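A.B. asks: Please see the structure below; I have some questions.
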Amino acid sequence: MTEKRPLGLPSAKLVAIAAVAGILAGAAAVYVKQTMSGNGEVAAETAQCQGTVQKAEALKSFTTGQVAAMVAASPPREIDGLSFKDASDKDVTLADFSGKTVLLNLWATWCVPCREEMPALDALQKAEGNDKFQVLAINIDTGSAEKPKKFLSEIGVNALGLYRDSSMGVFNEMKKEGLAFGLPVTLLIDAKGCLLGSMNGPAAWDSEDAAKLVRAATGA
């Protein structure tokens, strides 16, 4: 019998969606037409992240089960200069979350796997979110904020908040750096802004596997 998880999809359904879309373990999922917009840069220099190498290596033993598609960064590198908007349309950058381990997820209302995993991401934030960890879900719908805002309200997602990049610049930077093949895409970034791992495709983020990965990343 398929186990149904609170506020999320049955694990088997999430895996099925990923398989049908062809996005498990880095294959392309929902392709996004690339725009001319840019958005900061992913720093190629890895000097700042040398101390993260061992942590990224240690996390490999936690990328199993429901989060097996998470690929450890080798080597870890700084994710720098990404900019987007918060719910009040204020400019925000990844640097504003310095000091926290961040699970950065890019999603859109037109992406079916994204829509399906939002309640699970919300549940993860409620369960594990604190001064050391945050789920940072960034919507990349073009146009106004009304559509994603209405969608989150309708499905009862209230712990994530609304972060947006209607230029899709964040996605295009991730794509250019070989981290994003489609949607959803998720990056695990440490408190110094260094990439620990990345995943293309959905996951059961409300699972114990996801919680263990987060706790290992934060040292909890």
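The values are calculated or read from the model by the stated rules, or taken from the named source; none is laboratory data. Computed from a prediction, not measured in an experiment: that's the story for all the values here. When we count neighbours, we look across all protein chains shown, and the Cβ atoms used for this are built from the backbone with ideal geometry, even at glycine. Surface areas here come from the heavy atoms of the whole protein model, side chains and all, with no ligands, DNA or RNA. Shrake-Rupley method; radii C 1.70, N 1.55, O 1.52, S 1.80 Å.
A.B. asks: Heavy atoms only, probe 1.4 Å: what % of the accessible area of the range 102-205 goes to carbon and sulfur, would you let me know?
C.D. replies: The computed percentage sits at 49.
A.B. asks: Taking the C-alpha atoms of the range 97-220, how large are the radius of gyration and the largest Cα-Cα span, Dmax, in Å?
C.D. replies: Cα only, the range 97-220: 13.5, 39 Å (Rg, Dmax).
A.B. asks: If each of Ala68 and Asp80 carries a label point 7 Å out from its Cα toward its Cβ, how far apart are those two points in nm?
C.D. replies: The modelled label-to-label distance comes out at 3.7 nm.
A.B. asks: I would also like to ask the following. Roughly how many nanometres apart are two label points built 7 Å out from the Cα toward the Cβ at Gln50 and Phe97?
C.D. replies: The answer from the label model is 2.7 nm.
A.B. asks: For a paramagnetic label modelled at 7 Å from the Cα of Glu57 toward its Cβ, which residues of the range 157-201 fall within the zone defined by backbone nitrogen distances under 17 Å?
C.D. replies: Inside the label zone: 195-197.
A.B. asks: Something else: For the range 196-210, take each phi angle, set θ = phi - 60°, evaluate the Karplus expression 6.51 cos²θ - 1.76 cosθ + 1.60, and give the result in whole Hz per residue in order, putting x for glycine and proline.
C.D. replies: In residue order, the calculated couplings are 9, x, 9, 9, 10, x, x, 8, 7, 6, 8, 8, 5, 4, 5 Hz.
A.B. asks: Compute the distance in nm between two label points, each set 7 Å from the Cα along the Cα-to-Cβ direction, one at Lys126 and one at Ser88.
C.D. replies: 2.6
A.B. asks: Which order do the peptides 48-54, 120-126, 68-74 take when ranked by the mean count of other beta-carbon atoms within 10 Å per residue, highest first? Write out the running numbers ahead of the final one.
C.D. replies: Working: 48-54: 15.4, 120-126: 23.7, 68-74: 19.1.
Order by mean packing, descending: 120-126, 68-74, 48-54.
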